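Heads up: the structure comes next, in structure tokens.
The values are calculated or read from the model by the stated rules, or taken from the named source; none is laboratory data. Because the structure is a prediction, the values reported are computed rather than measured. Neighbour counts run over all protein chains shown; Cβ positions are idealised from the backbone, glycine included.
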Amino acid sequence: MQLQIIENKIYEVRGQKVLLDFDIAELYEVETKRINEAVRRNKERFPERFMFRLSQEEWEAMRSQIATAYNQKKRNVGITPFAFTEHGVTMLASVLRSKRAIQMNIVIVEAFIALKEFALNYRELSEKLKQIEEKYEQQFSNITEAINYLLHKDKIEVEQKQRKRIGFGVRND
């Protein structure tokens, strides 16, 4: 159950799967400002590929989609949330040393792994379906044509019999 809750808090921003600072704070059971303080004190541990601040446009777009984002009443409206990648969350756990942070970090990393596995399985399944579709498309077309012929067979035979005959005939003298 906890894994599902975390997976629902993982968003895609700039082509990366991320967790937002206020969601991490909720999971770690600390205030968001404590997360941000830890990041500021350890900036060298959080390069851009581990953590970045959302642009105002990204934040506005996400706020319309995320119910929890509306609960950010205390947040300074001029400051957008930090987005942590899987590696950023791992690094954050090394900065926040509480037992809860360590436990949640394990579950969060498992959630990222589960999402990756799902994406890989989805891609493989999609490719297999495409191959099957291509393979059987012609066969389905032939079957459809045969069924249509059988459904309209009587009408076709009547039309054929009513045609004016042309060509040479054989006389029996």
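Whenever a residue of segment 83-105 is outside the structural domain of Gln16 (by TED's automatic domain parsing) and assigned to a helix (DSSP H, G or I), it has no partner that is modelled with pLDDT of 75 or more and charged (D, E, K, R) lying with C-beta atoms less than 7 angstrom away and at least six residues away or across chains.
Candidates are the residues of segment 1-45 that are over 14 Å from the mean Cα position of the chain (by Cα) and not in a helix (DSSP H, G or I); the one that is nearest to Lys116 (Cα to Cα) is Leu19. Listed conditions (1) surrounded by fewer than 10 Cβ atoms within 10 Å (Cβ to Cβ); (2) closer than 30 Å to Ile10 by Cα are all met by Lys161, apart from (2). Once segment 106-139 is narrowed to residues that are aliphatic (A, V, I, L, M) and in contact (Cβ under 8 Å) with a residue 12 or more places away in the chain, the residue that is farthest from Gln16 (Cα to Cα) is Val107. Residues that are modelled with pLDDT of 90 or more and either among the basic types (Lys, Arg) or at positive phi (or both): does segment 17-36 have at least one? No, every residue in segment 17-36 fails to be modelled with pLDDT of 90 or more and either among the basic types (Lys, Arg) or at positive phi (or both). In the set (1) without any contact (Cβ under 8 Å) to a residue 24 or more places away in the chain; (2) assigned by TED's automatic domain parsing to the domain that holds Ala38, Asn142 fails one condition alone, (2).
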